[in-house]
Every structure is written in structure tokens, then in C-alpha cells.
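What follows draws every value from the coordinates through simple rules; no lab data is involved. Predicted model only: the values in this text are computed from it and were never measured. As a convention, Cβ positions derive from the backbone with ideal geometry for all residues, glycine included, and neighbour counts pool all protein chains shown.
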Amino acid sequence: MVDIVCAGAAFVAEYSVVPIKRHLHYTFRHRYHLDLLREEVEKLRARRQDLQITIDGARRRGDEIRPIVLDWLNRVDQITRETEQLMRSDEYTSRRNRWCPNLKSRYRLSRAAHRKRLVIFEIEGLGSFTDGVSYRVPPQNVILKNYERWESRASTFNKIMDALRDDKIQRIGVWGMGGVGKTTLLKQVAQRARQLGLFTTEVHVYVSRTGTQLGVAAIQEQIADQIGFQFNWRDESRMAAELLQRLKREKILIILDDIWKEVDLEEAGIPSEDGQRNCKILLASRDLRLLCKDMGAQIYFPVKPLPLDEAWSLCKKLAGDFLEENRELRGIATEVVKECEGLPIAIVTVAKALKGESAAIWENALEELRRFSPIPKNIRGMDEKVYCNLKLSYDNLESEQVKLLFLLCGMLGSGDISIDDLLKYATDSVLFERVSSMEQATNKLSTIVQILKDSSLLLDVEDGQSGGSSALLFDNHQNKFVRMHRVVCAVAREIALQHPHGSVLKKALQSRDGLRK
């Protein structure tokens, strides 16, 4: 019986005495509760300020702040305002009841302060953002406006689109000389693929900057930026593993543009195994061997210069319709366009430079373009935009011997070049000093000529189009003549003027003149 009484007394004490004590504590120690609340809210305010620094940095990078972080900030601001309001209420009550404390008011304020401390504890517990405060937003795809779809490239465009739909093809090459319009064509293809919904995501990676190829980490960063992905590691191999897992979740189009050297897709974290249907890779380069042998393009499409009618249309678009209205100027401008031989980078540069100029200035530009040796200096942009762009192809040739033959071809001119004649000039120069037989020289020349063709620096002469005659040294060779694009020829001659073996190349040119006589 005694035990029952004791247990009952304990129960009464627990559920009546303890609450009474707590409520009395609210009444007579209200300043203690308010001070604790003030201390906690200051800690919370400092935590918010520290987090705001991280948020501001993320916004400067262009990142979006996670909704959970924004919600936390709103809760912090709200509890801070409520606390400040409570403090002001306490100050007002204290001034009003200085000599006669209002116990009811003290009780109410103390209890409210205690409850707000509990809310602050809860908010603080939610303020550890292990996944970061922000995320990268993939850039919006740029819609190409006023882009003229050339009829001469419609077939190439359609074939690339067909290849993108073909499950058996993963890697597609796009090949052509510098400034011919590969990047523009790739953007057009990407835009069309986007319109058709062929892929959920697309990235366009510029593998090189002014001819210098980026490292694996820089390529990985470009891809991550465009898909809104953040790496947890900074080691290239771990970054590759993370990126690979992320890309495998997408049906993605990856464009690797301006490739000068082999890119190890596996090392970069780009899905590359055979039979990969969800990832298509468009590869663009000036080097055909690089595309097909090193990068493993299963199919490739050449991008050629524009025909004269499309080249003229491009010039008019940029220089203005007044070219059509002025008959005298139109004749000069047509000849200027012909000198550019359909190379878009040259047409664009010349048209912009001569826009709105008089017939005399157009005439002077025509004379400089006809000489094209060296590169015209009085046409704004020709040096830095055209010459520097095409010189990159020369700079990236694999050996000095290949470079010398390129310069020799440039000295021989932009017309048809007989391979038989080229062999004679080469054997008379420093090119084939260590060659012991004509067969070795022939094989070496064939190899170097093919390298220059694959590098977009020499062109085949179509059957029946050459006006020259060839000897019998290359009777079994499929193409007895090659030619060099007029603008490329001008670049070659410009380089030759500054080359240590320039005198040897001039001698070869003199030999050509003697041979013709």
C-alpha cells in the first residue's frame, strides 16, 4: 500500500510540480530566456552571413542557387524578424512597467523566447548543405539567325543527319580546310537535331585555342559546364569516371571541334565503346588521317569551298545590296569574289573590310588579291583573320620535310602542279638529299603529297580538268596533277619569304621557269 502511495505521489509530482516549476521559471527568469534567444539568433545570423559569401561567389560564376538553400535563408530571415519583434516588445514592456513588473507579460515573453530557440535549433540543423549551395545551369542553346543554307552543302548536311539517325554509326567526321565553314555546318546540324528531338542534351567542345590543343581536364570542364555538372574530384581519372557515368544517362550529341591531335575519349570520360547508341560524336578537323585513323571516325564528310554564285551571295549579304545597284562596282566586286575561290573566311573578311568603300578602293583590293603574294596588307583583317588561321595548318604539319614541300608548292603557284615536275624540283633541293634512288624519291613524294592533301593544304585536280601535260614518271598514279587553293598559296608564299630555306625555294621556282623555256 505504501508503495502505491509513493508511486502516486511521484506521478503527481512529475505531471504537476515540474510544469509549475517551468512556468514559474518563465515568470521570474524571463531575462535569462531572452538573453539565450539573443545569443542563438546572433549565431544564426553569423551562419547566414558566412553562407551568403558562398552564395555570392556561386552567382558570380553563373550558378543557380539550390531551392533548399533559398528556403533555409527565408526561414532564417523570418525567425530573425520575429526575434527582433519579440525583443522590441520586451523593451517596450520593461519601460512601461519599470516600477511594477507585469508578471503575465514576462511569462508570455519568456515562453515565446524559449519556443523560438527551439525553432532556431531546428533551422541550424538544416543548414549543412553537403551537396553544395548551387548547381551549374546548362547554357541555353543559341538559335542561329540569318544563317543561309547553301545549296552546295545540302547534300553533306542531309548525309550527316542520316548518320546521326543510324544506330550503327557513333563517330562522324567533318573534314575541310581552315575557314571553309566546318563549325557553322556543325552548328546548323546541332540546331536541326535539336528541332527534331534526336537528343536530350548536346555539347559543343572547342578542343583547340589558336591551334594549341587543350588538355583532358579542360575538355572535361567544357563538357561539365555545358551540362550543368559539378565534379567531386579534381583528379583527371576520377573526373573521367564521374563524367562517364553522367553522360551515360543522357541521349547526347557531343561535338568535338577544331581537333589537331588525338583526343583519348576514354581518358576524357566520353562514352566510346562500340554499340553505344545514346552517344553520337561529331568530330571536326582539317586533318583527314587524324579523323579516320586516330579518332576512329566511321564515316566522314568533306566540306568544300562555295561555288561562285553562293560566294557572291555571301559577299552581297555582308557588303550590302549597293553592289547590285552600282554596275561598275558590281563588276569589280565579282572579280574580288573570284579571287577568294569560295573560301568563306576570305570572302567574309574582304566583304566586311570593303563595305561602303569607293570603286577605287575595291579596285586596289582586287589588284592586291590578284598578286596575293604576299598576303594583302591593306585589306583590314586579312593578316590576323585569314593568314593566321591558315598558317595554323602549316604550323601543325608533322615534319620539316612536309613543310618544305608545302612551301615549294606555294612557290610554284596556285594553278595545276605536275607531280612529275614537283619531283624534279624536290630532288634538286634540300628535300630529298638522302634519297638514293628515283623509286625512293617517288615513294617519298607520294607520301608527302598525300599528307598535304589529308591536311587540306593540297587539292586533287579532277580528271580531265588539268590543262597541263605530265611526263611518264607517275603514269600509274591516279592523279598526275595537284593544285593549291589561291588563298593557301598566298599564305605559303608569305611563310616562304621568312623561311631559312627561302633561297632554295626561289631556286626551285627559277628552275621551273628555265624548264618552261
**Item:** Packing-based order for 490-497, 297-304, 324-331, using average beta carbon neighbours within 10 Å, highest first
**Value:** 490-497, 297-304, 324-331
**Prompt:** Residue separation times 0.36 nm, minus the C-alpha to C-alpha distance between Gln78 and Arg61: what's the value?
**Reply:** 3.3 nm
**Asked** How much length is gained if the chain between Arg238 and Glu42 is pulled fully straight, taking 0.36 nm per residue apart and subtracting their Cα-Cα distance, in nm to one decimal?
**Response** 66.5 nm
**Request:** Please check which bits of the stretch 263-299 a label hung off Asp131 would reach, taking the label as a point 7 Å along Cα-to-C-beta and the cut-off as backbone N under 17 Å.
**Result:** none
**Asked** Which pairs break 21 Å Cα to Cα here: Lys338/Lys403; Lys304/Lys403; Lys187/Lys280; Lys316/Lys377?
**Response** Lys338/Lys403; Lys304/Lys403; Lys316/Lys377
**Prompt:** Can you give the extra length, in nm with one decimal, that the chain gains between Leu318 and Thr200 once fully stretched, where that is 0.36 nm per residue apart less the Cα-Cα distance?
**Reply:** 39.0 nm
**Asked** Based on the Cβ-Cβ distance of Gln52 and Lys248, what FRET efficiency does E = 1/(1 + (r/R0)^6) give at R0 = 35 Å, to the nearest 0.05?
**Response** 0.45
**Request:** Hey, can you grab everything whose amide H is under 5 Å from the amide H of Ile299? Only 5+ residues off in sequence or another chain; H modelled, so Pro and N-termini drop out.
**Result:** Gly173
**Prompt:** What does the charge add up to near Gln52, with Lys and Arg as +1, Asp and Glu as -1, over the other residues with Cβ less than 13 Å from its Cβ?
**Reply:** +2
**Asked** If Lys and Arg each add +1 and Asp and Glu each add -1, what is the summed charge of the other residues whose beta carbon sits under 13 Å from the beta carbon of Asp454?
**Response** 0
**Item:** Sequence-distant aspartates and glutamates (8 or more away, or on other chains) whose Cα lies within less than 19 Å of Lys385
**Value:** Asp257, Asp258, Glu339, Glu341, Glu368, Asp395, Glu494
